[in-house]
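As structure tokens, the structure follows; a few thoughts come after it.
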Amino acid sequence: MRGSALLVTDDNNPRRGRCVAKLIQFFGIPSHNLAAAEFMFANAAGSSTLEKLRVLCSAEAFLRIIETWEQRPDYKGWWTKYVHSAFIYSGNDQDSLQRLARILTRDDQAVLHEIDTDAGDFAVSDELSEFCGVMAGVRVAASKANSNGNLVLSTTKGDAINIISLGHGATFLKVEYKGVSLFLSTSKDIIDIDAELASRNFDVRNHFLSAVPIVLYIKWAFAETCWKAPEANACLVIDDPLLKPSYGCVNFDELLALMEHHDFSTNIAFIPWNWRRSNSKVARLFKQKPERYSLSIHGSDHVAAEFGSSDRQRVRSKARQAVDRMSGHETRTGIHYDRIMVFPQGVFSQVAMDVLKRSNFTAAVNTEVMSVDLHPQAIRISDVWDVAVMRYSDFPIFTRRYPSQGIENFAFDILLGKPCIVVIHHDFCRDRYKHLLDFVNRLNSLSCPLSWRSLGEVVRRSCRQRELSSDLVEVEMYGAELRVENRSTQSKRFLIRRCECEPSAIQEIRCGSGPIAWNSVNGQVNFEIELNPGEHRMIGIRFHSLDGNGRSEETLSYRTKTMLRRYLCEVRDNYITPTRSRLAGSLGHVKPLKR
């Protein structure tokens, strides 16, 4: 069922109301505002809508509505008839929140108290899978979550269903009021997605109570209206390994067998400097199982700052060198590679992003979203919540995470519609892959089926879309390539758009084997295609090449240092790290080597 949002504004909580409005807009949901005082007498407004309303308001506003309706019983019928559900968030008045909680739970003994960070884990219910989706059953330690000053509600009656619990209390719960489902959050705040990112990536643990409840509600209440991903795609990325039968803690035959048994895929972020050194036996594995093994581009020489320069010609030279080497590797081994850049140590500049776009790379996949420029681009929470970060010359960064960031962050990314991209180094495969398999199995146990694919296919299939009508779908594209698929049983038109600040840089847009017409409006390129049931097409955007071929500054000294670096890293990975891992297993904890 489609529906619009009714945002009930409250003069006592204007900031929280603005944060709610930003979230509604981010997810592409139609909405209109109504003052709390007007809502109490708004039964006539509801009668004209074809779809039931989803109401979002503060606890103080809803308490005043209830108190007014007690004097005007004829308005209660309008509420039941025209309202689908409501999300109620905490305001500034704790007493009002407690009074409302007691009314809604029908428990005069219900009490709010401050959260004890030593009380265990915040636990998302696994009994409301339709509502909680991929977050069902996820747990976050209260000690890790930013819960200072927040409240938990304890009630002795069973009229409420706890959605997010802490001990015997709840911070997010579902109740019924006059036949309408209400979702009450006790969090003192609503996340501001326009706030600048304060860390290397968004960590949901730092915003668990201000972000998860309202996003869960929005994704459930507006399931047919909001932006969403067509599917949840996933890939494991291992940085650096040479394609030798064994590298460090990785054996490629063993890893393939585990991928087949546990259902996952692996991309090797391959250092182009090693393009002449791949083993033919390992190459055959990649050619035989492209759905399991794939290659991306990990820098060129894998020198930390090689893509952190603001010298356009220098970066252009490195990008061209990386592609030339990878093409040479493909010729020698027959292994296809994806034009996806994984920056060495995550380091990149604004210039590098523009160069990669104009060099017809598909995307970047990276742990870092902040450039190393002297005055870097401000990155907002909304930027990293999007399918990909598009703040650098409209060239996408698809974010990836280490397992140490917790299953909760991967689950929240999937809830937002982002791809699930896991990054490790070879040493995470120690102890016969125990740590890796534990984590992969936890991902596969989430309440959302993952489609494990090559990294290229993950990027090509990553978009967000929404149905405008039964035969019309709006799609937002991110990478330079997009695979569009009609999964329905009827023909559909797909209206596709992509951010592009410099449309004159586009050489052509192709659908399948031929070019298609497109236009540019307000910083976006727009085009459309029609697909029959079950049909899919590949969309590709090609850009005009940069002038010149760049310049190389690879002196003999630089080449010698690069060679020494590469061989010393291999000594570390193949001998020192495995030895330390064995010692750690027999002697106890050994501090890992720094990378």
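Derivation of every value follows stated rules applied to the coordinates shown; laboratory data play no part. Please read these numbers as outputs of a predicted model, since none were measured by experiment. Here Cβ is always computed from backbone atoms with ideal geometry, including for glycine, and neighbour counts include all displayed protein chains.
For this structure, a couple of remarks:
- Applying 1/(1 + (r/R0)^6) with r as the Cβ-Cβ distance of residue 572 and residue 72 and R0 = 56 angstrom yields a FRET efficiency of 0.15.
- Cα gyration tensor shape of segment 236-367, rounded if a/c is under 1.5, else prolate or oblate by comparing a/b with b/c: prolate
- Across q = 0.09, 0.12 Å⁻¹, the chain modelled as identical point scatterers on its alpha-carbon atoms has Debye log10 I(q)/I(0) values of -0.77, -1.24, in the order of the q list.
- Once the C-beta distance of residue 442 and residue 310 is scaled by a Förster radius of 41 Å, the resulting FRET efficiency is 0.50 to the nearest 0.05.
- Sites residue 126 and residue 434 - FRET efficiency at Förster radius 25 Å, r taken between beta-carbons, to 0.05: 0.50
- From least to most packed, judged by other beta carbons within 10 angstrom and beginning with the fewest, 410, 27 follow the order 27, 410.
- Relative contact order (%) - the chain, alpha-carbon pairs under 8 angstrom, separation at least six: 12 percent
- Simple spin-label estimate for residue 18 and residue 141 gives 3.6 nm between the two label positions (7 Å along the Cα-to-Cβ direction from each Cα).
- Gain on full stretching of the segment that runs from residue 451 to residue 377 - 0.36 nm per residue minus C-alpha separation: 23.4 nm
- By the Cβ-Cβ criterion of under 4.7 Å, the unpaired cysteines of the chain are 19, 57, 132, 226, 235, 420, 448, 463, 499, 501, 511, 569.
- The lysines within cross-link reach of residue 289, meaning a Cα-to-Cα straight distance under 21 Å and a gap of 8 or more places when in the same chain, are 244, 281.
- Of 81/228; 188/219; 22/81; 219/287; 52/188; 144/561, those spanning more than 32 Å from alpha-carbon to alpha-carbon: 219/287; 144/561
- Length gained when the stretch residue 495-residue 536 is fully extended (0.36 nm per residue, less Cα-Cα span): 13.3 nm
- Each DSSP beta bridge with both residues in segment 5-221 is either parallel or antiparallel, and the antiparallel ones are about 55%.
- For segment 233-459: rounded, prolate or oblate by the Cα gyration tensor [a/c cutoff 1.5]: oblate
- Candidate aspartates and glutamates for bridging to residue 434, where Cα separation is under 14 Å - those fewer than 8 sequence places away on the same chain excluded: 254
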